[in-house]
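These notes are about the structure you will find just below.
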Amino acid sequence: MSALSQKRRALAALPLAALLACAGAGVGSDLLPSDPLALVLREEDDLKRLEQHAKRWLEERHENSERPAVLQSELARTRERIEEALEEENRRALYSRVVFLDPQTRELTRVEFASRGSRPLEWSPDRSRLLFVSERERRTQLFEWNRESGEVRQLTFGEAHLDGCYGPDGRLAVVRHTPLTEVAGRLVGGLRIWITEPGGRRPLPVSDGPIDRAPAWSPRGDVLAFERSGARGIPSIHWIDPRAPGEARLLLRGRSPVFHPSGAWLIYSGRTRSGWKLLRAHPDGGGRRPLGKGSSQEFDPAISRDGRFVAFTGVLQGETRLYVRTFDGGSERQLYFDGTGYAPAW
């Protein structure tokens, strides 16, 4: 048995009080909401296979490279970035599974409605439906699980759809992949944000791309924020008014934006002198400040329905774990010890 496996087994065997002490946590289980966290779980064997798959892909890409990156055009570099995003989805599909985590008891439930490789995106505001991505006929599409009836409904078709979020009046913001081309010196296509309308009407693009993802719709429906990266791969957060789409405006440097239920704050992962940390700002970009202080690298924030807690992925000394922190940043704790949790949806 590896040292990592022994460590995980030892932590799993500790009583709750000892686990809280190990986590340095001040968030009691009884204070956390009972709403389940949907997340991606990767166990130790999954992580080993994932690492080997990524290594092989990088080696093959290097061998097939026709010319140095410095000589490539912006179109070629951007296409490579899109290929990396699609390959990331492919690796996820091979080496992950969706589970529900009870925040109060830390009990895991493996779901039956989502096939291996699926990823949760967002709960509906009343927590009755879960939006998730899954592969169907070798293309990633968006699906919805109804918590009461157990029904699973496919929401997107055709080109690959890598991400999405709920909007008002039955609308969805989705990330759709279309071929990237250059027209009159301008890149067209790639990963863009589209809005789908209820009733089967044709979806309309609302962002220019070429690499736009992680959409987040404000509670009032007046702002659609999303993550954008270009040929250089540096992520930033932009926004548009989905009621009257126009040119996207730069809001903040960072990734993975989510709105607080009040609509007063945007929570995201931003690059700081200490690495990637959770930050919060007003929807206009003002009032930027840290959301607590932690020792790990912090990604993938998800907000509880009451707005009091933030779940996130933390990476510390090579270990990836799931954490929860109070919204005022005063206390946090580790939520799950045995296995690696990613991409929470709360």
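Go through region 197-228 and name the trypsin sites (Lys or Arg not before Pro) that are in a DSSP coil and have 11 or fewer other Cβ atoms within 10 Å of their Cβ. Within region 197-228, the qualifying trypsin sites (Lys or Arg not before Pro) (loop, at most 11 other Cβ atoms within 10 Å) are Arg201, Arg220. Other residues within the sphere of radius under 9 Å centred on the Cβ of Arg127, judged by their own Cβ, net out at +1 (K and R +1, D and E -1).
Note on region 131-188: with neighbouring protein chains present and a 1.4 Å probe, carbon and sulfur make up 43 percent of its accessible heavy-atom surface.
Annotation: peptides 101-111, 187-197, 240-250, ranked by per-residue average of other Cβ atoms within 10 Å with the highest first, follow the order 187-197, 101-111, 240-250. Solvent-accessible area per residue in region 190-346 equals 43 Å², computed with a 1.4 angstrom probe and all protein chains kept.
Residues whose amide H comes within less than 5 Å of that of Leu335, counting only those at least five positions distant or on another chain, are Leu322, Tyr323, Val324 (H built at 1.01 Å from N in the peptide plane).
Going through region 128-181, which trypsin sites (Lys or Arg not before Pro) have at most 10 other Cβ atoms within 10 Å and a DSSP loop state?
Arg138
The values are calculated or read from the model by the stated rules, or taken from the named source; none is laboratory data. Predicted model, so just to flag it, every value in this text is computed and none were measured. Ideal geometry is used to build each Cβ from the backbone, glycine not excepted, and the neighbour counts take in all protein chains shown. Protein only, heavy atoms only, side chains kept; ligands, DNA and RNA dropped before computing areas. Shrake-Rupley method; radii C 1.70, N 1.55, O 1.52, S 1.80 Å.
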